[in-house]
2 protein chains.
Amino acid sequence: MSLTDSSPLEVAKAASISSRNLAILPTQARNDALTAIHGALQEAKDTILAANAKDLELAKKAAEDGELSQSVLKRLDLGKTGKWEDMLQGILDVRDLEDPVNKVTLRTRLDDGLELERFTCPIGVLLIIFEARPEVIANIASLAIKSGNAAILKGNCSLAHLQYPKTHADSGGKETTLSFRAISTTISNALTNTLVPNASIQLVTARDIIASLLDLDRQIDLVIPRGSNELVRYIKNNTRIPVLGHADGLCSIYIHKDADLEMALKILIDAKLGYPAACNAVETLLVDEAALSSILPSVASALLGKGVSLRCDSESKRALSNVIPANEATILQDATEEDFTTEFLAPILAIKTIPTPPDASPSTSCSLAIAHINAHSSKHTDAILTSSSEIANQFQSGVDSACVFWNTSTRMADGMRFGFGTEVGISTNKIHARGPVGLEGLMIYKYRINGCGQVAGDYGEGGKKWKHERLSVDR
Amino acid sequence: MSLTDSSPLEVAKAASISSRNLAILPTQARNDALTAIHGALQEAKDTILAANAKDLELAKKAAEDGELSQSVLKRLDLGKTGKWEDMLQGILDVRDLEDPVNKVTLRTRLDDGLELERFTCPIGVLLIIFEARPEVIANIASLAIKSGNAAILKGNCSLAHLQYPKTHADSGGKETTLSFRAISTTISNALTNTLVPNASIQLVTARDIIASLLDLDRQIDLVIPRGSNELVRYIKNNTRIPVLGHADGLCSIYIHKDADLEMALKILIDAKLGYPAACNAVETLLVDEAALSSILPSVASALLGKGVSLRCDSESKRALSNVIPANEATILQDATEEDFTTEFLAPILAIKTIPTPPDASPSTSCSLAIAHINAHSSKHTDAILTSSSEIANQFQSGVDSACVFWNTSTRMADGMRFGFGTEVGISTNKIHARGPVGLEGLMIYKYRINGCGQVAGDYGEGGKKWKHERLSVDR
């Protein structure tokens, strides 16, 4: 790993060359590097936490002056209970995952002595853009090395930073926090004694380097932005390199008429209040008209009681006004159309009624809920609460989102919870990788044919026939 | 299928809605639609071929006037021996492939009664842009319906057409050949009696519609351009929608010193002359210095004898001048640096010598060949000729291309030859799908969790522990 202020092209070329050497290292060499990083960080704990404490001091001043948000401040703190230990454990967890490189996923006998094989390989060079969390460096270094990809990291990155790199007094200068420097130096020293090339992982420091890196689509294969939706959207609009991630996380929960009330209460509280600023928090509640009086009142009361603002469409507001205590009913708000496409990231929930047409089958309401979600959601995570497996299946087949859940919280959409060890992010893309992305999302494949002189012209008009015999992928 | 001159947004919205209905149709309904299309085309054979004959007449005139190239003329001809039969057989071949929809590819028990499943689903809406081949309509309709994707097709599309939609006298008017119309109408009528929504497959006719469609990244999920490298490059530069395909096919073959001479002769002739205009034809020959006098002369003579121009670097030219007949030696050309990054698509081959440093191991030359390829190739297909499996493995691991072949022709890179039935194209992308792309490249996946009221907050600090038990994907 290196901390570098080289030019964008030099950085990208160094990454590209390193990626090719890294890609062909054996499993053990990549795992040994992770062991070395883990050991070095453990030894440097005091130095790194001291650097982080200084960063925090400066950041607190900036927050007091209103130059930094409280949430960025929180994310910077590496001394918070368990955070350091989680970061170190994460390195070992990734090390101990199955090697994703060089796995055969297809084997076909094209003809005698002519065998086709598809085998996994790293994508190449990743550009990871993130905001304040220092532990991202260790996470990404682990995932990149394990998967055989080179990574260019840029931290402390905000939208203003990308849009106006030259407007600050220190424009063109280097900037990175002391914690970033301390972690990078430690990892760099650790890698020196391993087979992993040092330039496989580079932390770039120049403030104005991102725009130039986003132009280098010949050297950089994938951009992974981790930050605000404005940051992600800006990056998507300003590069030809594929971008993996999500701008919005507009998740919804649909309560079907036969949902279990206790389950609905528990799930809504978790999904809305577990961590309201998370991308997998629920933002829209869809309620079957037939559940307006049976389920919604208790759910609404519980949420109101915990300080959640409810923005209701007219039907749900009317239903609630009739049955919940007057003091609660007065704080209900009217929803606008915009509320159903807004990611609040706050204790606010938009409520929409899904009509139950008279004489219609139960699947009709579910169809209408699916249509609402497909028209409004960000294709991240949507859940249904119902006691019918048939209705659940209709919902999970019909909703076009990365995660479609039944009787559980949208907050389950997470790489650690999915058992992926850790994640590089959650993707709302429709190609390559969708949902929580772990090691598998950092892989692509190649086709190998081993022949003994056969040529295309031998077949078809050449007289020979293809065998196309599917073979086992276990060698 | 419909032939439409609706507005771009209407077309995209119709595709989007149809895609959701198509995605949830059972296997049988999609297969039945392919049977119906096959039958209808068979019945309409005379009408369609008559329309094609009229198209050809007009095209021949245009070719005589120099307004149309001979290669476009050839591609338009549906009456060529075997072409019609291949088109019809292709529909049945695709129908009989395994259903790629709704396959479970991962199952994990997160906890008791809390199961995670990853299952395949269609990507959504495809935009396919192609040039002259009428059979593409039937191919793409089959692949799209089988994979559950809606498709918007635009034929007769050239670069000039995209860049200057308004410069022709008929600007803004509709344009499509009579064959395209005849095939579309036939497929459309066939679909009427099936469960596949008619607007799943739309052929758009307005000349200036492409630029607007390329803007609709909320409705269209993937663009697949099939045409010249300029066309593909233009499209990549003018849309935020992911593009699947390849601009260049700069393929190379490396002859290692221990290659078999007879094999080298046969493979080079197939790779260069089988179909010089194909993207999988060889453009660069890399020759181990140690093979300059043993293998290169016979290969060069054979290629020269078949009218191939050889553009040699100084070492290979010197080696050849010494040993091949004088009349052949005089027609050798000098290679420029540019020749090693040029896709000739013609009987021209650039030849470069890979040094064999004294006392170096055989793997050194192979490393240098790999470095040349990774710096110059378009990541499409590269091959090595060697009798050493170790050297072959070094090459296949080190070369960063979609297809890495040993002792066979680059022309093997093809969906039909790979046993995929047919292909939507060959991709040089580093994410999603690489190499020949069949049905699998048109799929993505969703994550389903079936729970019974568990929430994220139950775990970790909530006291419960994840089980993360890998389950069999066979239900």
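How about the stretch B:1-15: which of its residues are surrounded by fewer than 22 Cβ atoms within 10 Å (Cβ to Cβ), assigned to a helix (DSSP H, G or I) and of a type outside the set (Lys, Arg)?
B:PRO8, B:LEU9, B:GLU10
What do you reckon, is B:ALA259 in contact with a strand residue (DSSP E or B) (Cβ under 9 Å, 6 or more places away or on another chain), in a loop (DSSP other than H, G, I, E, B) and either without any contact (Cβ under 8 Å) to a residue 12 or more places away in the chain or more than 9 Å from every other protein chain (Cβ to nearest Cβ) (or both)? Steps first, please.
Working: in contact with a strand residue (DSSP E or B) (Cβ under 9 Å, 6 or more places away or on another chain): yes; in a loop (DSSP other than H, G, I, E, B): yes; either without any contact (Cβ under 8 Å) to a residue 12 or more places away in the chain or more than 9 Å from every other protein chain (Cβ to nearest Cβ) (or both): yes.
The answer is yes for B:ALA259.
Give the residues of the stretch A:85-106 that are within 11 Å of another protein chain (Cβ to nearest Cβ) and over 20 Å from the mean Cα position of the chain (by Cα), sorted by residue number.
A:GLU98, A:VAL101, A:ASN102, A:THR105, A:LEU106
Among the residues of the stretch A:227-259, what is the count of those that are over 20 Å from B:ARG218 (Cα atoms) and surrounded by 22 or more Cβ atoms within 10 Å (Cβ to Cβ)?
5
Among the listed residues A:THR356, A:THR364, which satisfies the condition of being assigned to a loop (DSSP other than H, G, I, E, B) and either surrounded by 13 or more Cβ atoms within 10 Å (Cβ to Cβ) or of a type in the set (Asp, Glu) (or both)?
Numbers: A:THR364 fails: assigned to a loop (DSSP other than H, G, I, E, B).
Exactly one of A:THR356, A:THR364 is assigned to a loop (DSSP other than H, G, I, E, B) and either surrounded by 13 or more Cβ atoms within 10 Å (Cβ to Cβ) or of a type in the set (Asp, Glu) (or both), namely A:THR356.
Is it the case, given these coordinates, that A:THR47 is in contact with a His (Cβ under 7 Å, 6 or more places away or on another chain) and either within 13 Å of chain B (Cβ to nearest Cβ) or assigned to a helix (DSSP H, G or I) (or both)?
no
Could you say which residue among B:ILE187, B:ILE224, B:ILE220 is surrounded by 21 or more Cβ atoms within 10 Å (Cβ to Cβ) and assigned to a helix (DSSP H, G or I)? Break it down stepwise before answering.
On the way: B:ILE224 fails: assigned to a helix (DSSP H, G or I); B:ILE220 fails: assigned to a helix (DSSP H, G or I).
After applying the criteria, what remains is B:ILE187.
Would the stretch B:269-277 turn up any residue that is part of a loop (DSSP other than H, G, I, E, B), within 12 Å of chain A (Cβ to nearest Cβ) and hydroxyl-bearing (Ser, Thr, Tyr)?
Yes, because at least one residue in the stretch B:269-277 is part of a loop (DSSP other than H, G, I, E, B), within 12 Å of chain A (Cβ to nearest Cβ) and hydroxyl-bearing (Ser, Thr, Tyr).
Confirm whether B:VAL282 is closer than 18 Å to B:ASP382 by Cα and assigned by TED's automatic domain parsing to the domain that holds B:THR386.
Criteria met by B:VAL282.
For the stretch A:373-464, which strands (runs of 3 or more DSSP E) that fit wholly inside it have 3 or more residues that are within 16 Å of A:ILE224 (Cβ to Cβ) and either under 28 Å from the mean Cα position of the chain (by Cα) or more than 8 Å from every other protein chain (Cβ to nearest Cβ) (or both)? Full working, then the answer.
Working: elements: A:381-385, A:403-406, A:425-427, A:435-437, A:443-450.
In the stretch A:373-464, A:425-427, A:435-437 are the strands (runs of 3 or more DSSP E) which contain 3 or more residues that are within 16 Å of A:ILE224 (Cβ to Cβ) and either under 28 Å from the mean Cα position of the chain (by Cα) or more than 8 Å from every other protein chain (Cβ to nearest Cβ) (or both).
Being in contact (Cβ under 8 Å) with a residue 60 or more places away in the chain and among the charged types (D, E, K, R) is the filter; apply it to the stretch B:316-355 and report the residue that is nearest to B:ALA291 (Cα to Cα).
Among them, the one singled out is B:LYS352.
Please find, within the stretch B:278-309, the residue that is farthest from B:GLU328 (Cα to Cα) out of those that are out of contact with any helix residue (DSSP H, G or I) (no Cβ under 8 Å at 6 or more places or on another chain) and in a loop (DSSP other than H, G, I, E, B).
That would be B:CYS279.
Collect the residues in the stretch B:64-109 that are part of a strand (DSSP E or B) and closer than 20 Å to B:LYS146 by Cα, keeping them in residue-number order.
Residues satisfying the conditions are B:VAL104, B:THR105.
Here are the criteria: (1) of a type outside the set (D, E, K, R); (2) closer than 30 Å to B:ARG470 by Cα; (3) surrounded by fewer than 17 Cβ atoms within 10 Å (Cβ to Cβ). Tell me which single one B:GLN89 does not satisfy.
(2)
For the stretch B:280-315, give me each residue that is polar (S, T, N, Q) and free of Cβ contacts under 8 Å to residues at least 40 places away in the same chain. Don't jump to the end; show me each part of the working.
Step one: filter the stretch B:280-315 for residues polar (S, T, N, Q), giving B:280, B:284, B:293-294, B:298, B:301, B:309, B:314.
Once the filter is applied, which keeps residues that are polar (S, T, N, Q) and free of Cβ contacts under 8 Å to residues at least 40 places away in the same chain, the stretch B:280-315 yields B:SER293, B:SER294, B:SER298, B:SER301, B:SER314.
Identify, by number, the condition in (1) touching a residue at least 24 places away in the same chain (Cβ under 8 Å); (2) surrounded by fewer than 13 Cβ atoms within 10 Å (Cβ to Cβ) that A:LEU76 doesn't meet.
So the condition that A:LEU76 fails would be (2).
Just to be sure, is B:THR205 farther than 21 Å from B:SER309 by Cα, surrounded by 21 or more Cβ atoms within 10 Å (Cβ to Cβ) and in contact with a Ser or Thr (Cβ under 9 Å, 6 or more places away or on another chain)? Working first, answer last.
Numbers: farther than 21 Å from B:SER309 by Cα: yes; surrounded by 21 or more Cβ atoms within 10 Å (Cβ to Cβ): no; in contact with a Ser or Thr (Cβ under 9 Å, 6 or more places away or on another chain): yes.
Answer is no for this residue.
Please work out which residue is modelled with the lowest pLDDT, limiting yourself to the stretch B:206-234 and to residues that are farther than 15 Å from B:ALA12 by Cβ and β-branched (Val, Ile, Thr).
Restricting to residues being farther than 15 Å from B:ALA12 by Cβ and β-branched (Val, Ile, Thr), the top hit is B:VAL232.
The values are calculated or read from the model by the stated rules, or taken from the named source; none is laboratory data. Note that the structure is a prediction, hence the values are computed from the model and not measured. As a convention, Cβ positions derive from the backbone with ideal geometry for all residues, glycine included, and neighbour counts pool all protein chains shown.
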